[in-house]
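Please treat every number below as a calculation from the coordinates, not as lab data. All values reported here derive from a predicted model rather than from experimental measurement. Methodologically, a virtual Cβ is constructed for each residue, glycine included, from the backbone with ideal geometry; neighbour enumeration extends over all protein chains shown.
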Amino acid sequence: MKTLAVCVFVLFSVSAQAGMIFNTGAGDEYTSRPQGGLYQGVGTPVSVSTATTLTNIAMDLFMPNGGNIEYMIWDGTDVNLLFTTAAEAVTPGSTLTFVPSPSFSFSLVAGDTYYFGVITDAVSDGNLNVSYFSEDSTFTQNGFASLCCNSNYDNFASPTPAASGGATMALQLFGTQTPTPEPATFGMIGAALSLLGLSRLRRNR
């Protein structure tokens, strides 16, 4: 009697984690960027150890007179501007709230550090207030780790890094991460080998 050998293929499905992937929560203080002031923007550095497709940035802010803002992504040296979101309007208000950027797609490379910032036009708008943590704080989530210290920026039309500060800014990041597939478990391999051994035993008989 012929015995049909059975081959077992183990397939792995890789699921992507989407949505909010980093959240410091709201800060306990806020810094102001007044109209006509020295600095128009502020940022905070984050190290990345998991490759990520970033889709949104949000910072905890309010603008009493309203105005336009843009979110920025700088390299780890805070010298090269890598990406700027489209300008968006912020309605007048006096309560800190996380304001998300328009959706986009930007690849964050594992092993790199990035500065995430927000800037307003201090000439026509102004008085941008952004929350931060008064005590040195470190947040680590999903391969992201906040670093010290905050950056400052001038010139809404052509952002330029300025002197740095000593705070950790409140920040939320959204995107998609694809985890590395795990190797097959011993139990699944053992089951396949058992079937193969049973098939050989029947042939020998």
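Taking amide H atoms as placed 1.01 Å from N in the peptide plane, the amide H of PHE139 lies under 5 Å from those of SER146, each 5 or more residues away in sequence or on another chain.
If you plug the beta carbon distance of THR178 and ASP136 into 1/(1 + (r/R0)^6) with R0 = 30 Å, you get a FRET efficiency near 0.40. Once the convex hull of all Cα atoms in the range 72-157 is built, its volume per residue stands at 135 Å³.
Annotation: amide H-H contacts under 5 Å for ASP112 (H modelled 1.01 Å from N, sequence separation of 5 or more, or interchain): VAL48.
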